[in-house]
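Let me give you the structure first, and then I'll get to my questions.
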Amino acid sequence: MIDVIATRYYYLATFLLLGVGTYMMIGNRNIVKKVIGVNIFQTGIFLFFIASAYLEGANPPVLTTEAPHVSPLPHVLILTAIVVGVSLTAVALGLVVRIYDEYGTLDADTLWEVRADE
Amino acid sequence: MSDLVPFAVAVPIVGSVLALLAGLVRSKSGWPVAVVASAVHVGVAAELARRALFEGTVRYVVGGFEVPYGIELVVDGLSATVLGLVAVVSLGVLAYARVAGPRSNPFYAAYLLLVAGLTGLTITGDLFNMYVFLEITGLAAYVVVASGDGGRSAVAALRYLLIGTVGASLFLLGLGYAYIATGTLNMGDLATLLAEYGHTTTLVQTAFAFVVVGLLIKIAVFPLHTWQPEAYAASPDSVSGLISALVSTVSAYALIRVVYTVFTPEFLAANPLARDLLGVAAAVSIVAGSVLAVAQTEVKRMLAYSSVAQYGLVIAGVSLVNETAMIGALVHLVGHAIMKGGLFLTAGLVATATGARTVDDYEGLAERLPAGATAFGVLALAMVGIPPAVGFVGKWYIALGAVETESWVLTAVIVGSTLLTLAYFARLVERMFFRETPVAAGDAEAARDDADVGADVTAADGGDRLPAPGTVSLGMYAVVVAAAALAVALGAAVFEYAALVEPTVTSLLS
């Protein structure tokens, strides 16, 4: 068990990031921090992909270097996922600005309450 | 000749950019651009559907790479059905939106982007590509939901965004597990390699769990539905028509695709627990969604909770792994899209014409707005499952499939769901046709004030969102009546359709 944790610490980090992100999304009342929570959650997934491509002692996937290479595909996938994440954050923050203009608060409980009364 | 496939995605994207650019020249010019793009899209979709249904699966590999390295686009009978649905419904909603609004150019840009995302989700044959389209669909959906005036739609959109992103992220995580197990992302390739790796290994099971839960969030199955009622109820009427008809439907299609094409029925056979859990999720969703729908006072929220229940039926069809149930799930997917989209648009029409937005406001509607009340009544009864409407045929096939596989509990729930559906629609039908209009609500202004007091804490929000009573266009009536007619007529076409789609379903289930 200790062995696994010592050698696979990046999976532990993934797990922690996912946990922190989820907790922030659910536990934090500030909607900006909820958006940050989403970002941390996604970062955990990015790390998971990148860690899966890593190979001890391997070279970067460039033709002039010698084999073995680390797998380049997960990097490409995550590059795409990061772009998606940035767009999501932009839309989310745009909505947050609009909500703040409208209600003058960033407190999720108050906002959800306004909604629940309707 | 399969070069046509990428155009199905490209046409709406180009249209989306053009709609934005047209806004620089002249404001409110987005609608004509959207109509042209959408009409071309319908043409492309119709041709692809014809080829897929009559000539066999159409395949295209993007960028000249080879499968399994390149991204493959696949149109088979299943995706052709959903593709046609997406194209037709998005064009129909445009006819409704011309007068009902929103009218800004950025709205139509987002609208077309949503159509592009849904189309991509439908025809992709690559799991990561599916994630990207899932997010494009999501992003565009958050934007169109937020396009309503006032804060309510923005709050609903943010909530939708937070939960929807978690759903898509879980899908990505599950995809990662599948990739680690196999080293491929092509769906056909994954199916063979996952089987080689072993369907009962923890890695593959985990991949299945994450991908399916991610998609269930996107479909809005109870208890993962919490974003959905508010997103449907708070968005402008045309938007709730569009997203209720398409977004969850295409996510449900993605679920069918992932469960049957990627994980294959053998996975479900090797893991009976996974199959049982899908069945339980379906049953719980049917019951809980219906009960919550009965408890609503706002018509649009009631319709939204009704969707939670109806998707339960579709998931039930998926979990049965049976040809009849599968056809039923497909028919119900399409039928629900037409009926629920039509119901939301009718609710929007009623609200525009009379200001009625709550269940009580509908009292005596048949006198005040005969056409609207009739369309609503027909669609509601079709949804309950009165033969020969399409709502009946879909449920019939699913229930038949449940009997064939001897899943008695699920059979009971599916049959019982008809009664539950009746429970919430009967309230409205009875109020519309068999009660007098209350005196106070006799003139539209009063009814609107009532609705605003009851339905709005965000001052002036509802008032802004509603155009003045009486601005109901011919297009709005035409779309609503067409939806009602389709809901009945499609029921008759189901048997021929079942014959057409049978080869696809058989190949999915083998």
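Which residues, taken from the stretch A:84-96, are facing chain B (nearest Cβ under 9 Å) and aliphatic (A, V, I, L, M)?
Within the stretch A:84-96, A:VAL84, A:LEU88, A:VAL91, A:ALA92, A:LEU95, A:VAL96 meet the criteria.
Does the stretch B:18-31 hold any residues that are open to solvent by 80 Å² or more (accessible area, probe 1.4 Å) and modelled with pLDDT of 85 or more, and which are they?
B:LEU18, B:LEU20, B:LEU21, B:LEU24, B:VAL25
Under 8 Å between Cβ atoms, at least 6 apart or on separate chains: pull out the pairs that start in the stretch B:124-139 with a residue that is facing chain A (nearest Cβ under 9 Å) and end on any residue that is open to solvent by 10 Å² or more (accessible area, probe 1.4 Å) and not in a helix (DSSP H, G or I).
B:PHE128/B:LEU185
I've got another one for you. Working only within the stretch B:488-510, note down all residues that are more than 22 Å from the chain's Cα centre (by Cα), aliphatic (A, V, I, L, M) and closer than 15 Å to B:THR81 by Cβ.
Of everything in the stretch B:488-510, those that are more than 22 Å from the chain's Cα centre (by Cα), aliphatic (A, V, I, L, M) and closer than 15 Å to B:THR81 by Cβ turn out to be B:ALA499, B:LEU500.
For B:VAL36, are the conditions met, namely being part of a helix (DSSP H, G or I) and either small (Gly, Ala, Ser) or without any contact (Cβ under 8 Å) to a residue 60 or more places away in the chain (or both)?
It is true that B:VAL36 is part of a helix (DSSP H, G or I) and either small (Gly, Ala, Ser) or without any contact (Cβ under 8 Å) to a residue 60 or more places away in the chain (or both).
Select from the stretch A:6-18 the residues that are within 19 Å of B:VAL166 (Cα to Cα) and either aliphatic (A, V, I, L, M) or free of Cβ contacts under 8 Å to residues at least 12 places away in the same chain (or both) and list them in ascending order.
Correct list: A:ALA13, A:LEU16, A:LEU17, A:LEU18.
Right, next: Can you go through B:ALA288, B:ALA283, B:ALA254 and tell me which one is closer than 25 Å to B:ALA140 by Cα, more than 14 Å from chain A (Cβ to nearest Cβ) and modelled with pLDDT of 90 or more?
B:ALA254
Which of the residues that make up the stretch A:27-37 are modelled with pLDDT under 90 and open to solvent by 80 Å² or more (accessible area, probe 1.4 Å)?
A:ARG29
Just checking, how many residues over the stretch B:127-151 are open to solvent by less than 10 Å² (accessible area, probe 1.4 Å) and over 15 Å from A:ILE31 (Cβ atoms)?
Result for the stretch B:127-151: 12.
For the structure I just gave you, tell me whether B:LEU83 is at pLDDT 90 or above, under 21 Å from the mean Cα position of the chain (by Cα), open to solvent by less than 10 Å² (accessible area, probe 1.4 Å) and within 29 Å of B:THR192 (Cβ to Cβ).
In short, yes.
Identify all residues within the stretch B:47-58 that are surrounded by 15 or more Cβ atoms within 10 Å (Cβ to Cβ) and either small (Gly, Ala, Ser) or more than 25 Å from the chain's Cα centre (by Cα) (or both); write none if there are none.
B:ALA49, B:ALA52
Being open to solvent by less than 20 Å² (accessible area, probe 1.4 Å) and either facing chain A (nearest Cβ under 8 Å) or assigned to a loop (DSSP other than H, G, I, E, B) (or both) is the filter here; which residues of the stretch B:169-198 pass it?
Result: B:SER169, B:LEU172, B:LEU173, B:GLY176, B:THR184, B:LEU185, B:GLY198.
In the stretch A:63-118, which residue that is touching a residue at least 40 places away in the same chain (Cβ under 8 Å) and open to solvent by 60 Å² or more (accessible area, probe 1.4 Å) is nearest to A:GLY27 (Cα to Cα)?
Filtering the stretch A:63-118 for residues that are touching a residue at least 40 places away in the same chain (Cβ under 8 Å) and open to solvent by 60 Å² or more (accessible area, probe 1.4 Å), the one nearest to A:GLY27 (Cα to Cα) comes out as A:ASP109.
Taking the conditions exactly as written (at pLDDT 90 or above and at the interface with chain A (Cβ under 9 Å from one of its Cβ atoms)), does B:LEU162 satisfy them or not?
yes
Please verify whether B:GLY92 is in a helix (DSSP H, G or I) and modelled with pLDDT under 85, treating the condition exactly as stated.
No; evaluated as a whole, the condition is false for this residue.
Still on this model: Please give the number of the condition B:ALA295 fails out of (1) crowded, with 24+ Cβ neighbours inside 10 Å; (2) within 14 Å of another protein chain (Cβ to nearest Cβ); (3) over 13 Å from the mean Cα position of the chain (by Cα).
Among (1) crowded, with 24+ Cβ neighbours inside 10 Å; (2) within 14 Å of another protein chain (Cβ to nearest Cβ); (3) over 13 Å from the mean Cα position of the chain (by Cα), B:ALA295 violates only (1).
A further question follows. Can you give me the ranges of the helices (runs of 4 or more DSSP H) entirely in the stretch B:350-437 with at least 1 residues that are open to solvent by less than 20 Å² (accessible area, probe 1.4 Å) and of a type in the set (Lys, Arg)?
Output list reads B:390-404.
I would also like to ask the following. Would you confirm whether or not the stretch B:95-102 contains a residue that is closer than 23 Å to A:ILE82 by Cα and assigned to a helix (DSSP H, G or I)?
no
Does the stretch B:328-336 include one or more residues that are open to solvent by 10 Å² or more (accessible area, probe 1.4 Å), of a type outside the set (S, T, N, Q) and over 23 Å from B:ILE217 (Cβ atoms)?
The answer is no; no qualifying residue exists.
Run down A:LEU63, A:LEU16, A:LEU47, A:LEU79 and say which single residue is modelled with pLDDT of 90 or more and more than 14 Å from chain B (Cβ to nearest Cβ).
When all the criteria are applied, what remains is A:LEU16.
Taking the stretch B:39-67 as the search range and keeping residues that are under 11 Å from B:GLY84 (Cβ atoms) and in contact with a strand residue (DSSP E or B) (Cβ under 6 Å, 6 or more places away or on another chain), which one is modelled with the lowest pLDDT?
Within the stretch B:39-67, the match that is modelled with the lowest pLDDT is B:ALA52.
Checking the condition of a type in the set (Gly, Ala, Ser) and modelled with pLDDT under 90, which residue from B:GLY312, B:GLY377 passes?
B:GLY377
The values are calculated or read from the model by the stated rules, or taken from the named source; none is laboratory data. Quick caveat: nothing in here was measured; it's all calculated off a predicted structure. Every residue, glycine among them, receives a Cβ derived from its backbone with ideal geometry; neighbour counts consider all protein chains shown. The protein model used for the area step is the full one, side chains on, heavy atoms only, and it has no ligands, DNA or RNA in it. Shrake-Rupley method; radii C 1.70, N 1.55, O 1.52, S 1.80 Å.
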